[in-house]
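Let me begin by presenting the structure, written as structure tokens, before commenting on it.
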Amino acid sequence: MSILQFTENAIWLNALIFAIGAIGVWSAGTKLSAHVDLFADRTGLGKAFAGALLLGGATSLPEIATTLTAASSGAAKLAGTNLLGGVAMQIAVLAMVDALLVRGRALTFFSPQSSLLMIGVMLIGLIALASAAVSSGELVSFAGVGLWPILLFAAYLFSLWVIHKYEGDSRWEPRGEIAEPPESARDLKDAHTLKYRDTATAALVGFFCLACAGVLVGGYFVARTGEAIAEQSGLGQNIVGATLVALATSLPEVSTTWGAVRFGAYSMAAANILGTNSLEVALFLPADIAYREGAIFDALDPSTGFLAAIGIVVTSLYLWGILERRDRTIFGMGRDSAAVLLVYVLGLAVYSTL
């Protein structure tokens, strides 16, 4: 079914298909974090690296579907704003999980891993490069593919290498109290481990792949109907991509982060979000390949750079929380989470006027 066929539907029908796709994304995403957590325990793969690579890659499948389908149909603005808008939104996901699930404590207090700081620093560098690409436009292209997307993808691969080496041999460790997760989280994780005790690791990989397929299929319909709703509602690709589509394609991050926190895998939850965001920036390369009407960065509005700026600010706020680890709260959530939500809401309000 093409985008033209979706636009021929009534807007309520597209909204219904959008909702069903989003529910499918959520249902499949809830299975991912538990399987990755077990896989990391059995293989000795670092929690932060597993969260950044495996969970980050799996929960980015809707963004991949959205990006490729939108870019291939010529909706470059929808693809670009979905990617950069998703960066800020998924940091806000961490703040919402903090507020709803870790009541009275700060989520970053339970993440005493210096590797998370490394992941965040590399992410800020990637977002800054994307912002530079939006500001300058494409500099040069090779076989129809721009230089900026190639540089962004190469920088993402380099960041994965740095993170993997650093987590295996970090040069410093945080001092002070290493907080244990709440008793309920440990109980949930123990029960889940016991449930899958006799399940082979190969079977876990199979379950993981099935969940990934569910996320990808749901993400495809979210992308197509989101683009149609943008056209039918008159809201435009920029605001729909940065809000509605970014929210729907962030559902795997919401569900997997929620599940990871419930199991007491706090560092994996944070690494999932930071790793997903890093991959989102790298997805400008497949988006540029799929977009055949020119360079994708030339098609983006300058206001898209504002989304990148919001992403840098909210990421910096979470790095501050991870580094400080003061466990200070406001309205039942960490102060860093409250600051992230405030910046995100105010940022979107400003962006809607640009």
Answer residue from region 108-132, given it is of a type outside the set (S, T, N, Q) and more than 18 Å from residue 313 (Cα to Cα) and is modelled with the lowest pLDDT among those: 112
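Condition check ((1) of a type in the set (A, V, I, L, M, F, W, C); (2) out of contact with any strand residue (DSSP E or B) (no Cβ under 8 Å at 6 or more places or on another chain); (3) surrounded by 12 or more Cβ atoms within 10 Å (Cβ to Cβ); (4) at pLDDT 85 or above) across all residues:
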site	(1), (2), (3), (4)
134	yes, yes, yes, yes
146	no, yes, yes, yes
150	yes, no, yes, yes
182	no, yes, yes, no
189	no, yes, yes, no
202	yes, yes, no, no
222	yes, yes, yes, no
Unique residue being under 20 Å from the mean Cα position of the chain (by Cα) and surrounded by fewer than 24 Cβ atoms within 10 Å (Cβ to Cβ) when the list is 303, 337, 316: 316
Top-ranked residue of region 298-354 - restricted to ones that are at pLDDT below 90, assigned to a helix (DSSP H, G or I) and polar (S, T, N, Q), ranked as farthest from residue 92 (Cα to Cα): 304
Tally, over region 332-348, of residues that are of a type outside the set (D, E, K, R) and either within 10 Å of residue 106 (Cα to Cα) or in contact with a strand residue (DSSP E or B) (Cβ under 7 Å, 6 or more places away or on another chain) (or both): 5
Selection status of residue 270, modelled with pLDDT under 70, assigned to a helix (DSSP H, G or I) and under 20 Å from residue 321 (Cβ atoms): no
Test result for residue 263, among the hydrophobic types (A, V, I, L, M, F, W, C), on the phi > 0 side of the Ramachandran plot and at pLDDT below 90: no
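The values are calculated or read from the model by the stated rules, or taken from the named source; none is laboratory data. Just so we're clear, the structure is a prediction, and the values are computed from it rather than from any experiment. Using ideal geometry, Cβ is built from the backbone for each residue, glycine included, and neighbour counts are taken over all protein chains shown.
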